Amino acid sequence: MRDIPGPSYGTLWQYADASKNVCEYYAIPVLDILRMSQLRPYNLTNGAAFFRDASPTFLHPNAAGHAMLGVNIEPWLLALRGKFHALR
């Protein structure tokens, strides 16, 4: 897996891990979309197919990228909603 520079410091994977650690500490649900999705920004063929810009970071998905993200996000949100409804 290629290390891609992150938003400010480190790589995208380090940034995702730091976000997950903070969310876990505060018991905030988090979806690791970087690892869960099939977008694979480090793969240049995938990057060109699912992202708007051809920059090395591939941060902004195109329509196909958004559709693939939705496939991962929707079931996660529905499951999360079910957990909160169960707490009532």
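About its Cα centre, the dipole of segment 12-86 is roughly 120 debye, where the only charges are +1 on Lys and Arg Cβ and -1 on Asp and Glu Cβ. For Phe51, the residues whose modelled amide H falls within less than 5 Å of its own, excluding neighbours fewer than 5 places apart on the same chain, are Asn62.
Put a dot 7 Å past the Cα of Arg35, heading toward its Cβ, do the same for Ala18, and the two dots end up 1.7 nm apart. Other residues within the sphere of radius under 12 Å centred on the Cβ of Cys23, judged by their own Cβ, net out at -2 (K and R +1, D and E -1).
Each value in this text was obtained by applying a stated rule to the coordinates, not by laboratory testing. Just so you know, these numbers come straight off a predicted model, no measurement behind them. Backbone-built Cβ (ideal geometry, glycine too); neighbour counts: all protein chains shown.
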